[in-house]
Amino acid sequence: MAESEFTDRQELEFFQWPELKEAFVPLAELVMVAENGLSRQLRGEVFTMASIAGGCQHCQAHGAFTLNLLGVAPERIRDIWTFEQSDDFSAADKAALRLARDGAQVPNLVGPEHFSELRQHYSNRQIVELLAVISLAGWYNRWNNSIATVTDQESVDFASAHLSDVGWSLGKHAGAAHEQRKAHPRSSASGKVRY
């Protein structure tokens, strides 16, 4: 085996630390799934945009397929990559996606003008919720990109079919046969999609 290949990466997933999983899953479900001031669709779009800006192809595919599971049209999902030029997104959507794009950059590019624009469309509580989604995406992006988490086949198939035109590729997130996950991870509760 070459030194440049990832080995035993599934043993480095953060759910291998039970106490971390116990603390993290409720946070992820609060931010992404629980009822709050933002639709699950907007949260998913912001998560995906933050993952695009963060450079994690795994989280991009996973976020895109989650949106698909929520019933979002593939064309709208694809247009997240080019939201500034898309008529699919409202002014409010674009303000949230700009925050995600610029907040996920290193160094961070968010400035006062972002909040001036956001306050035209969102309450302070909703802005806090947007920031929580972006921050959660950052956690996932850094962990999954660092160990090159193997992307589940459902997410790969969706992204390959609908996102290659905007530059998505699987990259280092392909894995050997023994590392493959066939299905997108879902919580056991009906209608809840876990990130």
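Bear in mind these aren't lab numbers, they're just calculated from the coordinates by the rules spelled out. What you see is a predicted model; the values in this text were computed from it and never measured. Virtual Cβ from ideal backbone geometry, glycine too; neighbours counted across all protein chains shown.
The simple Förster model, with R0 at 35 Å and r as the Cβ-Cβ distance, assigns residue 28 and residue 91 a FRET efficiency of 0.75.
Can you tell me, using C-alpha contacts under 8 Å and at least 6 residues apart, the relative contact order of the range 9-167 as a whole percent?
36 percent
For the chain, the longest principal axis of the C-alpha atoms and the axis of helix 57-69 are separated by about 70°. Full extension of the chain between residue 11 and residue 119 yields a length gain of 34.6 nm, computed as 0.36 nm times the residue separation minus the alpha carbon distance. Extension gain for residue 82-residue 142 works out to 19.3 nm (0.36 nm per residue, less the C-alpha to C-alpha distance). Which shape class applies to the range 1-56: rounded if a/c is under 1.5, otherwise prolate when a/b exceeds b/c and oblate if not, where a ≥ b ≥ c are the square roots of the Cα gyration tensor eigenvalues? Oblate, since a/c reaches 1.5 and b/c is not below a/b.
The alpha carbon centroids of the range 126-151 and the range 17-38 are separated by 12 Å.
Each stretch of four or more DSSP H residues adds -39500 (n - 2.57); spread over every residue of the chain, this sum gives -16500 deg cm²/dmol at 222 nm. Remark: the residue 180-residue 105 segment gains 24.0 nm on full extension, using 0.36 nm per residue and subtracting the alpha carbon distance.
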